Amino acid sequence: MPAPKQGTLVTVVGGDESEEFHRQAELIASAWGRRVVVGAERPANRNHMSVLADLADPASGTHRRALGLLGLAGSPR
């Protein structure tokens, strides 16, 4: 799949996920490059369901990066 012409992405994979989830996140980052994939989060003790809670937690890096992607605070990097 080609990289999008606009927009950016931060990959988020819970630390408790299988190697396949981590491999796919690394693959998209490699294929699309740093212009598009501007960051990565690997929260410990999370899986693909529980990692969503970090979006609502202002103390989490995932929350801060999401705000950055939305242009609401700081940088997503």
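In square angstrom, what is the accessible area per residue of the chain with a 1.4 angstrom probe? Each residue of the chain exposes 67 Å² on average to a 1.4 Å probe. Its Cα centre serving as origin, the chain has a Cβ charge dipole (Lys and Arg +1, Asp and Glu -1) of approximately 460 debye. Only helical runs count toward this figure. For the chain, summing -39,500 (n - 2.57) over DSSP H runs of n ≥ 4 and dividing by all residues gives -9000 deg cm²/dmol at 222 nm.
The values are calculated or read from the model by the stated rules, or taken from the named source; none is laboratory data. All values reported here derive from a predicted model rather than from experimental measurement. Positions of Cβ are generated from backbone atoms using ideal geometry, with glycine treated the same way; all protein chains shown enter the neighbour counts. When the accessible area is computed, the model is the full protein with side chains, heavy atoms only, and any ligands, DNA or RNA have been set aside. Shrake-Rupley method; radii C 1.70, N 1.55, O 1.52, S 1.80 Å.
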